[in-house]
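The values are calculated or read from the model by the stated rules, or taken from the named source; none is laboratory data. Model, not experiment: these values are computed from the prediction. Backbone-built Cβ (ideal geometry, glycine too); neighbour counts: all protein chains shown. The area values use the complete protein model at the heavy-atom level, side chains included, leaving out ligands, DNA and RNA. Shrake-Rupley method; radii C 1.70, N 1.55, O 1.52, S 1.80 Å.
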Protein chains: 6
Amino acid sequence: MRPSGRNVDEMRSVSIETDVTKHAEGSCLIKMGDTHVLCTASLEERVPPWLRNAGQGWVTAEYGMLPRSTSSRMRREATAGKQGGRTVEIQRLIGRSLRAGVDRQALGERQITVDCDVIQADGGTRCASITGGWVALRLAVNKLMKAGDIVSDPLLDPVSAVSCGIYAGQPVLDLDYPEDSEAGVDGNFVMTGTGRLIEVQMSAEGSTFSRAQMDELMGLAEKGVAELVAAQRAACA
Amino acid sequence: MRPSGRNVDEMRSVSIETDVTKHAEGSCLIKMGDTHVLCTASLEERVPPWLRNAGQGWVTAEYGMLPRSTSSRMRREATAGKQGGRTVEIQRLIGRSLRAGVDRQALGERQITVDCDVIQADGGTRCASITGGWVALRLAVNKLMKAGDIVSDPLLDPVSAVSCGIYAGQPVLDLDYPEDSEAGVDGNFVMTGTGRLIEVQMSAEGSTFSRAQMDELMGLAEKGVAELVAAQRAACA
Amino acid sequence: MRPSGRNVDEMRSVSIETDVTKHAEGSCLIKMGDTHVLCTASLEERVPPWLRNAGQGWVTAEYGMLPRSTSSRMRREATAGKQGGRTVEIQRLIGRSLRAGVDRQALGERQITVDCDVIQADGGTRCASITGGWVALRLAVNKLMKAGDIVSDPLLDPVSAVSCGIYAGQPVLDLDYPEDSEAGVDGNFVMTGTGRLIEVQMSAEGSTFSRAQMDELMGLAEKGVAELVAAQRAACA
Amino acid sequence: MRPSGRNVDEMRSVSIETDVTKHAEGSCLIKMGDTHVLCTASLEERVPPWLRNAGQGWVTAEYGMLPRSTSSRMRREATAGKQGGRTVEIQRLIGRSLRAGVDRQALGERQITVDCDVIQADGGTRCASITGGWVALRLAVNKLMKAGDIVSDPLLDPVSAVSCGIYAGQPVLDLDYPEDSEAGVDGNFVMTGTGRLIEVQMSAEGSTFSRAQMDELMGLAEKGVAELVAAQRAACA
Amino acid sequence: MRPSGRNVDEMRSVSIETDVTKHAEGSCLIKMGDTHVLCTASLEERVPPWLRNAGQGWVTAEYGMLPRSTSSRMRREATAGKQGGRTVEIQRLIGRSLRAGVDRQALGERQITVDCDVIQADGGTRCASITGGWVALRLAVNKLMKAGDIVSDPLLDPVSAVSCGIYAGQPVLDLDYPEDSEAGVDGNFVMTGTGRLIEVQMSAEGSTFSRAQMDELMGLAEKGVAELVAAQRAACA
Amino acid sequence: MRPSGRNVDEMRSVSIETDVTKHAEGSCLIKMGDTHVLCTASLEERVPPWLRNAGQGWVTAEYGMLPRSTSSRMRREATAGKQGGRTVEIQRLIGRSLRAGVDRQALGERQITVDCDVIQADGGTRCASITGGWVALRLAVNKLMKAGDIVSDPLLDPVSAVSCGIYAGQPVLDLDYPEDSEAGVDGNFVMTGTGRLIEVQMSAEGSTFSRAQMDELMGLAEKGVAELVAAQRAACA
């Protein structure tokens, strides 16, 4: 039934390659099928002005797509003069999601910026960004702990995200682009390694869904996140 | 337990005054307690370029806050040179939500822009905008039908929205600002008059929530939306 | 002769409702016929950088129109990315006019920002903004004086404004939109309660006027301002 | 009494050098004392979109100051990313003023853009721009008439402008910068060669003025404009 | 003498991996030592407006750096609201350089946009972009020729670029970042496979150079470009 | 062979008029044939933030063209909302070139901004800006030395620039606009009074050139710069 031939509860193959760039404190290239996102974590020993002297750190995120990461070339946001609404929404989501898994007191007065740049897109880039972004963050924090700059680990539980949607009337897990562009209902679930919810965003355009379907989607998401968390743990080991 | 003394499943008082401005094809002033939003629906006999000659209409929304709608004065977005990320997110949500309740074929090749401008804010402005925005849309469509420009009603089912969240560990309905600023988890449910889901956005910052809590929040939202739909129907009668 | 049937020296009915929003230090909704402007005065206990430690306060103004305050929907300035030339001109005029009636030494080192947002437009919005803006300012200052933060009243004399123009060859007072859009000559007079001039702006497009006509317009303006000042006094009493 | 030693009704020396640039259809360098403005008129055989096929022409103006035209260097508006409020106000005034002296039917469907660039500033740049701008416009129109592209002269009457103000309590004509920066009341009068008014802009900041003073200022302006019109006629002869 | 231990006329190791992204018509990842640039060529069957119906094609380029491609994180240009001066200079150079090697008549009325995105930077990113950009362009043109859309090859001769500079008083080839940041004189030579010059940009900051040194730099460049052209040919074979 | 009838190694007539504006610390109007550029040097007793307390000065440049300096009117960059790529490239070149001739230690902690505004353009405006810009800088520094604010002259050697190109197959010196718009290869040489090179920029569009031609162009440039340096010296004497 699915264009890719996958089962309704089957994820695309996931790979997470770490330490892919020499400058960043933490980095990985995450591949969810044909969706490839480069995630880097950059450390700065300062916090935003409104957090100064609060004894807490900050984690923020930015998101971008290379102009030809997509099927037809997109205009570069730097030439358009601003980030589009979709970009802003996505990077706010990534930042919120990652922060939900951080003990900001334990991080101390420093900021980590996670950049998620889509090299190749085939659906689910924001979820891949969160999952890969957490790995980059984990590696940067490891470096701080190894150097003794942090004593208590501020990352309690992995943060992962997966998309779900209703495709051809059927709830399915981890939509690729052909599914995403047809689905009347789709969204994202951000969860922790222990199955707690961080963010739920389900959205219908030109359609609606029932509470029972919502429940089914949540079940699929739990399965998907469990697999992603295993991949994150393996990559950081 | 709630600052306002309301029960956990108790809405603020709702009022919807219609036809509040002489120029707009449809308009209302919605008040959810101390949150007041002016909603206008503006009709244009043309569609966006990418929809031309498709035999379908379009509904879109814009959102704004007056500088002193809030407790301390906010900078005017027009002087800042752009709409902020929050504004963009909200107006995309309003537009998607309203479109989910529109038969765009039946609307015909015309566009209706729903402007939601917050006169006074006390939490829940985006939900009030959706609920009031639908009333303005309904009134503008009524005018088209009365004039015979539309024969089959494109608005099948009301669209309403309510916020829910976890305040002091307890799921509560329709957060006001004092609750909203303290809640570790909060979000919005957009639903139809028949109880179908259009959009679910639950989000935790510095916290997480369980699937059981999600279920409880959904139950509260169903109660709240039912009351709002009744208020919409009364206002348009 | 006038579309509204008014006499050449007859104002539209004026109403000024005060304390219309719970957050602002001072506020009113002024209605000049079908022109409705919401004016709020916001107090900040700091002055612009170039005034620091000068022992003086500052009063400034911003102006906006809701997108559907007009007959056909206008583009929101926040989406256009900047305030248009007309908006900038108007808010500079409002600010200058209000400052002319303020003893800035007596105000002390604080800033009051007067926001004038047009809810519904039917000509004369800048004049209504000045007249209503002064009322909002008066109420905010009253609050400061009541609290003992200011001892000597910095508002010596009310500031009011009225438009005049030559419509169908005849000088008339307080133009509404149908007159304004036809008038070859029109402008605004800002005056004090004691009849002193603050600002005179008469402008012809595709036409000219004589010194005698200028004199006649000034006479009409004096009559109009006297009525407005009475309304301001009644509203603040 | 005046810093320059001039009488209250004495203009600075005026010179208008024509045809100062080889590309423009009309050009002049106007000097009002130490205020020097380069004015060019550029002809295009098309009109703005909203005027197409209306059988009328258009005249518009732009204004700029070289960064070091002033006593201390100003930021270049092109690097600031936009024209400031003052610039926008001034160029709208120049455009309106020049159009008031143009028979747009006689001009035919073409546009003339008058650029006024301040080479050196010493007060009164907007008035010098109007006066010099009219000369550039006159020369460009002469060229069109000589070529037979226009048969009936669209420029009926010269347009000139002069500033007036109250300096040290005394109405004075043609303020230079030392006067302008001290005057509590100042403004501009735009008039035609036959003494008709086009625009009156008097403005007080931190002061007010009486109707009698307004009258005196208007008398000074009439004297000044008469002298400027003579200079314009001599330059174009 | 050189930080890397290379000889003065020794290039860094070069690798060019082709077809690295599934969407672009042509693509490669070029590595000049630790400088890694992803180059994609995107085909559109239309030309810029000013070239329509001229029977010619167009080649243009855009350049970007990922925020953490550099040693310390750079601000994303999309959030800064515009491309910086350096970016604009570089992408104009890439576009001009590639066009110099294209027979635009033979290309036909189509546009190819070459995007060069720096994944990791260690000096010489603009030269790597030109060299890799030509490979992406070559592969996209190959696809057009294979499909029969182009009959005569529009790419006559490879285009390559290399940096040279005076480091510690000594002309050296292919500067890496430690050299580049210290060199008083540096620049770029863009040349064809047959040794013709396309662009020469030598620039001193806080220093000068002699005509004899210029000659020596040109000799080094010729050697470097010959090696790069061999690598381009091998990659495209 | 040349449209102007000049020999291949013949410059246009050069004139440099100094002290042309009363406000700037140094100024000149340079004319290279019909190319006229107004250059001003503005002194500020502060340096950019990144240079504070480094005991060094800074020289920077900005460049602009009046809208009708060109054959057809150009859009004003201030209305376009930003400086174009060409402008940014040129002003960076002017700044780098002038700094190469400045001993920044000797200048002391102050900044000089050189503004180059093109009054009339006929090719070679960036070279005229450098040559005239140096004169303005020289005059401003003279004033500082005369006042005793600087003891050791920071301007060691004049900086001049000339354009060269291949027109109709023939290397020629100092291209005017008719040549520049036809030349397949053209560029600029910035040199010192003693013949040292500061910047070489040769660029081909739709063409290439040989090393021998490069050599010939360099010879022409040396001749041209020698003449310009003589003109600079005469102007400053």
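At a glance:
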{"quantity": "Solvent-accessible area of residue A:14 with every protein chain in place, 1.4 Å probe, in Å² to the nearest 10", "calculated": "50"}
{"quantity": "Position residue C:222, label points 7 Å along Cα→Cβ, spacing to each other copy in nm (shortest first, one decimal)", "calculated": "1.9, 7.4, 8.3, 8.3, 9.1"}
{"quantity": "Charge dipole magnitude, Cβ of K and R +1, D and E -1 - the range A:143-194, Cα centre, debye nearest 20", "calculated": "340"}
{"quantity": "FRET E, pair residue E:109, residue F:227, Förster distance 45 Å, beta-carbon r, rounded to 0.05", "calculated": "0.45"}
{"quantity": "Exercise: per-residue mean of other protein chain Cβ atoms within 10 Å, A:83-94", "calculated": "4"}
{"quantity": "Surrounding net charge for residue F:195, when Lys and Arg each add one and Asp and Glu each subtract one, Cβ distance under 9 Å", "calculated": "+1"}
{"quantity": "Over the range E:12-55, relative contact order from alpha-carbon pairs under 8 Å, at least 6 apart, %", "calculated": "29"}
{"quantity": "Selection from C:54, C:24, C:66 lying farthest towards where the dipole of the range C:1-66 points positive, charges on Cβ", "calculated": "C:66"}
{"quantity": "Neighbour net charge for residue A:150 - beta-carbon separation under 15 angstrom, K R +1, D E -1", "calculated": "-2"}
{"quantity": "Bridge type composition, the range E:1-146 - antiparallel percent by DSSP, nearest 5", "calculated": "70"}
{"quantity": "Within 10 Å of each Cβ in A:104-115, the average number of Cβ atoms from other chains", "calculated": "1"}
{"quantity": "Theoretical ellipticity at 222 nm over chain B - DSSP helices of four or more residues, -39500 (n - 2.57) apiece, nearest 500", "calculated": "-10000 deg cm²/dmol"}
{"quantity": "Cα gyration tensor, the range A:22-173 - rounded (a/c under 1.5), prolate or oblate", "calculated": "prolate"}
{"quantity": "Normalised contact order of the range C:127-237, rounded percent, pairs of Cα under 8 Å and 6 or more residues apart", "calculated": "27"}
{"quantity": "Spin-label pair residue E:19/residue A:75, simplified geometry with 7 Å Cα→Cβ offset, distance in nm", "calculated": "3.4"}
{"quantity": "Dipole-positive endmost among A:191, A:160, A:106 within the range A:92-237 (Cβ charges, Cα centre)", "calculated": "A:106"}
{"quantity": "Value of relative contact order over chain B, rounded to a whole percent, pairs C-alpha under 8 Å and six or more apart", "calculated": "22"}
{"quantity": "The range F:93-237: C-alpha gyration tensor shape, a/c 1.5 cut-off, then a/b vs b/c", "calculated": "prolate"}
{"quantity": "Crossing angle, helix A:125-146 versus chain A [Cα axis fit, 0-90 degrees, rounded to tens]", "calculated": "20"}
{"quantity": "Carbon/sulfur fraction of accessible area - the range C:169-237, other protein chains in place, 1.4 Å, %", "calculated": "48"}
{"quantity": "Loss of accessible area when B meets C, both sides summed, Å² nearest 100, probe 1.4 Å", "calculated": "2700"}
{"quantity": "C-alpha long axis of helix B:85-99 to longest principal axis of chain B, angle in °", "calculated": "60"}
{"quantity": "Cα centroid of the range B:47-120 to Cα centroid of the range C:170-213, whole Å", "calculated": "37"}
{"quantity": "In degrees, nearest ten, helix F:211-236 long axis to first principal axis of chain F (Cα)", "calculated": "40"}
{"quantity": "Only Lys, Arg (+1) and Asp, Glu (-1) charged, at Cβ; the range E:177-233 dipole about Cα centre in debye", "calculated": "360"}
{"quantity": "Shape category assigned to the protein assembly as shown from the gyration tensor of Cα positions, a/c cut at 1.5", "calculated": "oblate"}
{"quantity": "The range A:31-80: GluC sites (Glu not before Pro) in DSSP coil with no more than 12 other Cβ atoms inside 10 Å", "calculated": "A:45"}
{"quantity": "Calculated FRET value between residue C:181 and residue B:205, using beta carbons and R₀ = 41 Å, to 0.05", "calculated": "0.20"}
{"quantity": "Percent antiparallel among DSSP beta bridges (both partners in the protein assembly as shown, rounded to 5)", "calculated": "85"}
{"quantity": "For residues of F:61-67, the mean tally of beta carbons on other chains within 10 Å", "calculated": "5"}
{"quantity": "Distance between modelled label sites at residue E:168 and residue D:168, nm, 7 Å Cα→Cβ extension", "calculated": "7.1"}
{"quantity": "Cut-off 13 Å (backbone N to label point 7 Å along Cα→Cβ of residue E:1), residues of the range E:154-172", "calculated": "E:165-172"}
{"quantity": "Chain F - charge dipole about Cα centre, Lys and Arg +1 at Cβ, Asp and Glu -1, debye rounded to 20", "calculated": "620"}
